[in-house]
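Have a look at the structure below, then the notes.
No value in this document is a laboratory result; all are computed from the given coordinates. Just so it is clear, the model here is predicted, and its values are computed rather than measured. Reconstructed Cβ throughout: ideal geometry from the backbone, glycine too, with neighbour counts over all protein chains shown.
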Amino acid sequence: MTMKWTSGGMKSPLSRARGLGSAKSGSHHWMMQRVTAVSNAVLGLWFVWSVLTLANADYAIVRDWLAAPVNAILMILFVISSYYHAVLGLQVVTEDYVHCEGLKVIKLMGQKLLYTGLGVACVFAVLKVAL
Amino acid sequence: MSAPSGSTSGSSAADKAKRERPLSPHLQIYKPQITSVTSILHRATGVALALGLFVLGWGLIALASGEGSYAVFKDFWGSIFGMILLFGWSFAFFYHFCCGLRHLVMDTGRMMDIKGMYKAAYITYAGALVLTMGTWIVYFACSGY
Ligand code: HEM
Ligand code: HEM
C-alpha cells in the first residue's frame with residue numbers, strides 16, 4: 001500500500017524535481033482527492049444543514065453555536081477537508097488549461113499559497129471563537 | 001486551431017474529400033453529449049465551490065472579529081443579490097456532491113456501459129435538483145414565509 005502511494009521510483013531526476021502534471025505524483029493526488037471527497041460529502045451536508053438553521057440567527061447565537069466543541073471541531077475538519085480538496089482539484093484544472101510552463105508554476109504556487117493562507121486563517125478564526 | 005494541412009495542390013474532388021474528413025473532437029465543433037456535459041459541469045461546479053471557500057473564510061473571520069463585521073457579512077449575504085448567489089452555490093454544491101458520488105461509484109468500475117452512464121447522469125441531475133429545492137424549501141419554511 002505504501003509503495004503504491006509514494007512516487008519517485010520510476011521518474012527521471014528532472015521530472016522528480018519538477019513534480020508537476022500527470023504520472024508524476026498522480027496516484028497519491030488521485031487518492032487524496034477521493035479521501036477528501038468522502039469527508040467533504042459528510043461534512044458538507046452537515047455544513048449546509050448548519051447554515052440553513054443559522055441563517056437568520058443573531059450574532060450571539062451563531063457565536064455560541066461555533067463555540068460548542070462539537071461544532072468547532074467539525075468546522076475545522078470541514079475547512080481542512082474542503083480547502084485541501086479544492087487545492088488538489090484546482091491543480092488539475094490549472095494543469096489542463098494553463099499551457100505556459102512558467103505561468104503554470106506561478107499559478108499553482110499562487111493557488112496553494114492563497115488557499116493555505118486562508119485555510120489557516122479560518123482555523124484560527126474558529127479557535128478564537130471557541131477557546 | 002487550424003486543420004491538419006496536407007498537400008495544397010489537388011483536384012476539387014480531393015479538396016472536398018479533405019473537407020469531409022472527420023475532425024478531431026475539439027471543443028468548439030464537438031456535439032455536446034450527456035457524458036461530456038455531466039463531466040464539464042462537475043469541473044465548473046468544483047471551481048465555483050473553490051471560489052465559494054472565500055465566502056466561508058469571510059464568514060468565519062467576520063464571526064471571530066465581532067458583531068459589526070458579522071453584520072456586514074450577514075447584510076450582504078442576506079440581501080436579494082446575496083441570496084441569488086447563495087442559491088447558485090447551493091446548486092453547485094449539490095450537483096458536485098451527486099456527481100462526485102457518481103465518480104466514486106464509477107471508480108469501482110460500476111455503471112461504465114452506455115446505459116449505466118445515462119442512468120448515473122440522470123440520477124445526478126435529479127438528485128441535485130431535489131436536494132437544492134429541498135434546501136430552499138426548508139429555508140423558507142423555517143423563516144416563516
Ligand atoms: C465542498 C467543497 C468542495 C470543493 C471546493 C470541491 C472542489 C473540487 C474541484 C475544484 C475539483 C476539480 C474538478 C476537476 O478536476 O474537474 C473537484 C474534483 C472532485 N470532487 Fe470536489 N469539491 C467539493 C466537494 C466535493 C464533494 C462533497 C464530493 C463528493 C461527494 C466531491 C468529489 C469530487 C471528486 C470525486 C473529484 C474528482 C473528479 C475527477 O477526478 O475528475 N467534491 N472538486
Ligand atoms: C480552475 C479554473 C481556473 C482557471 C482556468 C484559471 C486561469 C488562470 C489564468 C490563465 C491565469 C493567468 C496565469 C497566471 O498569471 O499565472 C490565472 C491567474 C490567477 N488565478 Fe486563476 N484560474 C482558475 C481558478 C482560480 C481560482 C479558483 C483562484 C482562486 C483564488 C485563482 C486565482 C488566481 C490568481 C491569484 C491568479 C494570478 C496570480 C497567479 O498567477 O497565481 N484562479 N488564472
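Points worth noting:
- Here the residues B:119, B:31, ranked from fewest to most Cβ neighbours within 10 Å of their Cβ, fall in the order B:31, B:119.
- Rounded to 0.05, the FRET efficiency of the residue A:30 and residue A:127 pair, given R0 = 25 Å and the Cβ-Cβ distance, is 0.20.
- Only the Cβ atoms of Lys and Arg (+1) and of Asp and Glu (-1) were treated as charged; on that basis the dipole of the stretch B:33-142 about its Cα centre amounts to roughly 380 debye.
- Cβ crowding within 10 Å, taken as a proxy for footprinting-reagent exposure, orders B:80, B:123 from fewest neighbours to most as B:80, B:123.
- Residues A:108, A:103, A:131, sorted so that the one with the fewest Cβ neighbours within 10 Å comes first: A:131, A:103, A:108
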